[in-house]
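Worksheet: the structure to be examined is printed underneath.
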Amino acid sequence: MPMLAALLICFASCTEAAPLRLAQYPVIDRAWCPIDVLMDLNARVSRATHVPLNGYLHTVEYLPENELAAAMGEVRLEMGPKAKDKELLRPLAARLQADLVVLPIVDGYQEWHRMSWRRGTIYHSYASVMLYVYDARTDEVVKKGASRFYDDESSSRASAAYLVRQAMDEVLYTSRLHERIYPPKDKISR
């Protein structure tokens, strides 16, 4: 019984604070990535921002995709076609009143093969991703990029799909995205 009371008090204290407004954009494809790979990359980003029991605790408010798309269109129109992705983050956060903006981009995705008389089929694959995160609470912009290359004989790791998944996992980890949603206790402002 004391454990249940402690859990209820903990849940009550978590729900008192205003939820974090999260603008998580779907992966922007600038490299003609297959749709099944894009869906998997979106799932990876969603897993990185997933909050267990959010339906009960309401610690994060995920902004709807239609609002995100409309805000992106308006901000791009205002800033012009030459505006860099990093420059869009603050205006997007202001327009959406978001605490955190997550903008993942696939900017490289290629694969081809050639025949070699000595070695057989040689596979050439390349994948590159960028991840921009803007935290309005600290006014911090995080830019992380990763790329992968493969240039060898056939392997289960030769595909661009495998490489782009590896690169996305790296930028999600190095950006410390999950810690921005769940800050360590020593970084919580009192």
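Before moving on, here are some points about what is shown:
- Looking across the stretch 95-125, the residues that are among the aromatic types (Phe, Trp, Tyr) and either surrounded by 15 or more Cβ atoms within 10 Å (Cβ to Cβ) or closer than 19 Å to residue 163 by Cα (or both) come down to 109, 112, 123.
- Of the residues making up the stretch 120-149, those that are in a strand (DSSP E or B) and acidic (Asp, Glu) are 135, 140.
- Qualifying residues in the stretch 64-88 (those that are outside any helix (DSSP H, G or I) and charged (D, E, K, R)) - the one modelled with the lowest pLDDT: 82
The values are calculated or read from the model by the stated rules, or taken from the named source; none is laboratory data. Quick caveat, the model's predicted, so the values are computed rather than measured. Reconstructed Cβ throughout: ideal geometry from the backbone, glycine too, with neighbour counts over all protein chains shown.
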